[in-house]
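For reference, the structure discussed in these notes is given below.
The values are calculated or read from the model by the stated rules, or taken from the named source; none is laboratory data. Keep in mind the model is a prediction, meaning the values are calculated, not measured. FYI the Cβ positions are ideal-geometry reconstructions off the backbone, even for glycines, and counts take in every protein chain you see.
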Amino acid sequence: MAIYQKHIECMPRQEIKKLQSERLVWQVKRMYENVELFRQRMDEKGLKPEDIKGVEDLSKLPFSYKQDLRDYYPYGLFAVPMKEIKRVHASSGTTGKQIVVGYTQKDLEMWADCMARQISATGGDENSFVQISYGYGLFTGGLGAHDGATRIGATVIPTSSGNTQRQIQTMVDFGSTILCCTPSYAMYLGEAIEEMGVKDKLKLKAGIFGAEPWTEDMRAAIEEKLGIKAYDVYGLSEIMGPGVSYECEEQKGMHVNEDMFIPEIIDPDTGEVLPEGESGELVFTTITKEGFPLIRYRTRDICSLNYEQCKCGRTFVRMNKPTGRSDDMLIIRGVNVFPSQIEEVLLRIGGDVTPNYQIIVGRENNTDTLDVQVEMSDKIFADDVKSIELVERKIKDQIRSVLGLGAKVTLVAPKTIQRSEGKAKRVIDTRKLH
Ligand SMILES: [Zn+2]
C-alpha cells in the first residue's frame, strides 16, 4: 500500500521528537499570549512559556477538559481573531450545551492530510470512489472524510447518512470502492445489502469506520457482510475530527499523527503519566493547530500506546482501540461496565443472535437492574421456545462471567430494535430520569 506522506509518516523517532519539541514550544508561547484560560492555568502553576523547552517538559503543563469548552462557549478558547477562522464544527454530546471548535485554513489543510493518510493506508488513491456516508453538517465526520478524499484526488460520492436503499443503489451504480461511515451503520448497510441480494454487484474494497467504539468481532462481521477490509479511524472534534489516528493494513492499532498531536497515557485519578505500554486515559496536545489549540486535553478514552516498529514501515506510535470511555462507563451495582464488553459477549455467541442490541439500566427497590435485549437471527426465530431460552441462558452466563453481574437477557424478534443511521444508541439509562 502506498504511504501518502512517507517523509513524515516514516520519520525516524528521534526526528519526530525534535519536530514535536519545536512545535510544542511554538504552541505554548502563542497560547500563553492568546488564550486567557491557558495563561491563567500556567500562572497558577507558576509556569512561563520559556520553562517549556521540549516534549520532556510536557508533563509540567496544565490539563484541559471538555468542561472548558462549555465554560468558554462558543469562541472563548480560540487563539486567532475570528476573521482567520474559516470553518466551525460542533458536537452536541449526550449532556448539556454543544461544544464548538474552529479551524483556520491551515488547520483544514492539515486535517485533510490526516484523512488522506488514512485513505491511502486502505489502498485509496485518485482511482478510488469514496462514498461518504457519515452525516454532513456540524458533525466532523462527513466533511472531515470528504476533505481527505478530495486531497488524495479520489472521486468523492458525498451521500451523507440516511436513506439506506438509495445509499446501496448508489454504491452499486456509481461503483464505490471505499465506504466511510460509523461501524454500526456499516453493519446496518451490510444487512440491507444481504436483503437486497446485491453483494455480488459491489465494487467495495475497503471501509473506514469511526466515531464510535467497536470490537474485533464486529470488524469480522462487517468484513464478511460487505466483502471488504474494514479499517478503524479515531478522532474527536475537540482535537481535530476523524483522522487523529488511523489504521494501516496490519490492523494492529492506529498510528497517531504525531507531527500534529502528542499523545500521553495518564492515570485518570492521579493525572500521573503512566509507563510505556500501560493502559490509562488518553491525553492529546495539538502542536500545529492554530484556530483552536488544546494542551493536554483529557479525552476520557481508555487505551494504551505501542511504540514498537510497525511492519507497514510507519514510525508513528500506535494507539490500541479504546476499550471504553471513562465517561461512557456505566456503574451498575458498583461494577464498572463498558457497553463494548457486552457487545463482545454477544458477538462471541455467534449465529443465533445479531449484533443489534440494547442495554437498559434501571433501578428497582434501590437496586440497579441490567436488561440486555438482543435480536435473534431468523434461524433461531423459527425454532421452539426452548432453544431460545437456551441461548438467553448462555448469554446471561457469559455476561456474569465477564462482568460478575447478573443480567436479564431477552431475545427479541429480528429487526425490532430501532436502527440508527448515525451513532447507535446502545444504552438507555433510566436511572438518570429519577
Ligand atoms: Zn502500520
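The table below lists the values:
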{"item": "Number of the condition not met by Gly235 [criteria: (1) touching a Gly at 6+ places or on another chain (Cβ under 6 Å); (2) more than 22 Å from Arg70 (Cβ to Cβ)]", "result": "(2)"}
{"item": "Set Gly197, Gly243: member being at positive phi and more than 16 Å from the ligand (Cβ to nearest atom)", "result": "Gly197"}
{"item": "Verdict on Pro268 being within 26 Å of Pro183 (Cβ to Cβ) and surrounded by 19 or more Cβ atoms within 10 Å (Cβ to Cβ)", "result": "no"}
{"item": "Test for Gly235: is it touching a Pro at 6+ places or on another chain (Cβ under 9 Å) and either among the β-branched types (Val, Ile, Thr) or surrounded by 21 or more Cβ atoms within 10 Å (Cβ to Cβ) (or both)", "result": "yes"}
{"item": "So Gly350, is it free of Cβ contacts under 8 Å to residues at least 24 places away in the same chain, surrounded by fewer than 20 Cβ atoms within 10 Å (Cβ to Cβ) and within 20 Å of Ala220 (Cβ to Cβ)", "result": "yes"}
{"item": "Test: residue in the stretch 329-339 that is crowded, with 22+ Cβ neighbours inside 10 Å and of a type in the set (Lys, Arg)", "result": "no"}
{"item": "Search result, residues across the stretch 297-311 that are within 16 Å of the ligand (Cβ to nearest atom) and of a type in the set (Phe, Trp, Tyr)", "result": "Tyr307"}
{"item": "Residue match in the stretch 285-298 (condition: buried (at least 20 other Cβ atoms within 10 Å of the Cβ) and within 15 Å of the chain's Cα centre (by Cα))", "result": "yes"}
{"item": "Options Arg300, Arg314, Arg296, Arg318; residue that is in contact with a Ser or Thr (Cβ under 7 Å, 6 or more places away or on another chain), modelled with pLDDT of 95 or more and of a type in the set (D, E, K, R)", "result": "Arg296"}
{"item": "Condition check for Arg13: closer than 23 Å to Glu258 by Cβ, at pLDDT 95 or above, surrounded by fewer than 14 Cβ atoms within 10 Å (Cβ to Cβ) and in the same structural domain as Leu143 (by TED's automatic domain parsing)", "result": "yes"}
